[in-house]
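Right, one structure below, let's go through it.
The values are calculated or read from the model by the stated rules, or taken from the named source; none is laboratory data. Fair warning: this is a prediction, and the values are worked out from it, not measured in the lab. When we count neighbours, we look across all protein chains shown, and the Cβ atoms used for this are built from the backbone with ideal geometry, even at glycine. Heads up: the accessible areas ignore ligands, DNA and RNA and are worked out on the full protein's heavy atoms, side chains in. Shrake-Rupley method; radii C 1.70, N 1.55, O 1.52, S 1.80 Å.
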Amino acid sequence: MISLGIESTAHTFGVGIVNDRCEILSNEKNTFKPELGRGFTPTELADHHYVVCKKVLDDALSEADIKMGDVDVISFSRGMGIPNALKVGAALARYLAVKYKKHLVGVNHGTAHIEIGKIKTGSVDPVIVYLSGGNSQILAYVDGVYRVFGETMDIPIGNAFDVLVREMKLPMPGGPEIERLAKNGTYVDLPYVVKGMDVSFTGIMTAAIERFKNDHKEEDVAYSMQEVCFSMLTEVTERALAHTGKKEVLLVGGVAANKRLQDMMKIMCNERNAKLYVVPQEYASDNGANIAWVGILDYKSKGKSLDILESKVDSKWRTDDVEIHWSEARVE
Ligand code: AMP
Ligand code: MG
């Protein structure tokens with residue numbers, strides 16, 4: 001079975017082609033790049049995705065060396081995400097499904113980050129740390145859903161890094177710049193905000209911007225931002241491990257690439273006899289293969305397509321709203 005997955009929740013328009021052994025036949029993408037010092041508006045994202053979508057699709061098919069006739073399932077990110085951006089991928093998916101008479105699957109974006117992480121690392125039943133430009137959640141599988149044990153109460157961590165780096169007039173994405181600068185930094189005081197199992201990043205981000213404007217070195221601000229944010233997340237993840245009794249931690253989402261985050265989580269896992277898994281870099285940030293893989297899981301376990309009339313995007317579709325009906329079939 002072959003699934004073609006379309007990703008368009010935010011900055012990236014991607015098309016990935018995957019078979020039912022999760023071999024990635026191709027994974028093409030084009031990411032919107034704002035000018036220095038700027039972010040993006042929803043309309044700019046949609047315009048970008050409309051312009052690049054045909055080339056990304058054609059490149060994915062030719063890289064996989066297949067034709068639309070060889071595809072069984074068309075999968076697309078149905079949410080959560082930025083509505084204008086989501087609609088571009090959804091429109092293309094519906095068009096392809098109708099024109100070529102294919103099965104349509106609407107995929108939850110957060111679930112796709114988790115499932116690709118599990119299959120590509122071999123992690124079976126982890127506490128999941130999902131950190132990206134649009135989400136920050138600590139989850140674990142309980143009774144048929146990926147339940148959220150802790151999450152950000154305001155902005156996602158990747159967004160906090162990106163805004164800070166924009167203020168420094170450095171290029172996007174912000175996370176790798178923070179990681180690079182932090183290597184030569186020392187600590188300046190920043191607030192540490194954990195409330196129960198939840199975290200907050202806006203206050204820390206505002207304080208970090210203020211420190212930077214008050215002539216603290218970029219390196220020191222970046223180092224402190226990393227230390228504080230990652231310590232908060234490691235604290236909450238440790239409590240989720242203790243509460244659930246699970247023995248694995250899986251890092252997914254764009255921020256999972258960060259070596260300092262990985263080191264902190266590794267120390268905590270070693271102390272608790274748990275094992276740390278990190279999603280491979282090529283599947284950490286948004287891409288079509290993640291979506292295509294959940295399309296296969298969903299279609300194989302349900303055996304039916306999403307009705308076009310129910311394929312409207314849902315920009316607020318939470319990870320813990322998805323029934324993981326394929327899990328029992330796959331997890332030994
Ligand atoms: P995603 O939303 O999953 O595509 O991930 C993109 C986010 O990951 C952006 O906010 C980036 O700044 C962040 N990111 C990427 N690489 C790193 C890194 N090495 N350290 C921290 N954050 C990162
Ligand atoms: Mg994402």
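Brief remarks follow.
- Subset of segment 132-170 [within 16 Å of ligand 2 (Cβ to nearest atom) and either under 26 Å from Lys217 (Cα atoms) or outside the structural domain of Ser200 (by TED's automatic domain parsing) (or both)]: Ser132, Gly133, Ile155, Pro156, Ile157, Gly158, Asn159, Ala160, Phe161, Asp162
- Residues of segment 25-59 that are more than 16 Å from ligand 2 (Cβ to nearest atom), surrounded by fewer than 21 Cβ atoms within 10 Å (Cβ to Cβ) and in a strand (DSSP E or B): Leu25, Ser26.
- Among residues of segment 1-13 being within 19 Å of Pro156 (Cβ to Cβ) and either assigned to a helix (DSSP H, G or I) or of a type outside the set (Val, Ile, Thr) (or both), the one that is farthest from ligand 1 (Cβ to nearest atom) is Ser8.
- Residue selected from segment 116-147 under the condition of a type in the set (Phe, Trp, Tyr) and touching a strand residue (DSSP E or B) at 6+ places or on another chain (Cβ under 6 Å), by the criterion farthest from ligand 1 (Cβ to nearest atom): Tyr146
- Among the residues listed as Val249, Val279, the single one being aliphatic (A, V, I, L, M) and touching a Pro at 6+ places or on another chain (Cβ under 9 Å): Val249
- Single residue of segment 10-24 satisfying the filter (open to solvent by less than 20 Å² (accessible area, probe 1.4 Å) and of a type in the set (Val, Ile, Thr)) that is nearest to ligand 2 (Cβ to nearest atom): Thr12
- So Glu63, is it buried (at least 20 other Cβ atoms within 10 Å of the Cβ) and either touching a residue at least 12 places away in the same chain (Cβ under 8 Å) or among the polar types (S, T, N, Q) (or both): no
- Qualifying positions in segment 195-226 - assigned to a helix (DSSP H, G or I) and open to solvent by 30 Å² or more (accessible area, probe 1.4 Å): Thr202, Gly203, Thr206, Glu210, Arg211, Phe212, Lys213, Glu218, Glu219, Tyr223
- Leading residue by the ranking (least open to solvent (accessible area, probe 1.4 Å)) among those in segment 305-332 that are farther than 25 Å from Ala64 by Cβ and basic (Lys, Arg): Arg318
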